[in-house]
Ligand code: TYD
């Protein structure tokens, strides 16, 4: 997805079952997210003012959810920058491959839940911004 743009990334409203006793949100492969989830991880205990991300992936697709609290995701395709604020546990931001992302503005107690299409592979990362711009040419 060398030529992907920030407009290929979208916020998906995932289902939410409400009851007097609280809510539950269920995410099922394909029905909810357009890829098979092979890995789940979550970011938490993020110190105030901290920034995460600052990399792109060559193949990995991800769905980011603010399972608790809120944070901003700055998407960048090398041409256009777009900031998406996540602050609902039933909203998921789909990030396609080839997008530089930075996560910042974490609220206290924020939990960023990530569903990923592949297992961890450091070779899939582009961690250098100049290299990313070169990759997108
Ligand atoms: P990284 O993806 O750079 O975190 P973030 O984008 O949230 O800032 O990963 C941070 C560290 O954790 C890095 O040393 C690699 C390791 N890591 C794994 O071992 N497995 C994983 O699935 C992930 C996402 C990270």
As a footprinting exposure proxy, order 37, 83 by other Cβ within 10 Å, with the fewest listed first.
83, 37
Between residue 104 and residue 58, how many nm apart are label points set 7 Å from Cα along the C-beta direction?
2.9
From the square roots a ≥ b ≥ c of the eigenvalues of the alpha-carbon gyration tensor of the range 1-46, which class results: rounded (a/c under 1.5), prolate (a/b over b/c), or oblate?
prolate
log10 I(q)/I(0), Debye, Cα-only the chain, no solvent, q = 0.20, 0.21 Å⁻¹?
-1.25, -1.36
Based on the Cβ-Cβ distance of residue 67 and residue 123, what FRET efficiency does E = 1/(1 + (r/R0)^6) give at R0 = 25 Å, to the nearest 0.05?
0.35
Residue 26-residue 2 pseudo-label distance in nm [points 7 Å out on the Cα-to-Cβ vector]
4.2
With the Cα gyration tensor of the range 1-82 giving a ≥ b ≥ c as the square roots of its eigenvalues, does the rule (a/c under 1.5 for rounded; else a/b larger than b/c for prolate; else oblate) give rounded, prolate or oblate?
oblate
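Quick note: the coordinates plus some simple rules give every number you see, no bench work behind them. Being a predicted model, the structure only gives us computed values, none of them experimental. We place every Cβ from the backbone using ideal geometry, glycine too, and count neighbours over all the protein chains shown.
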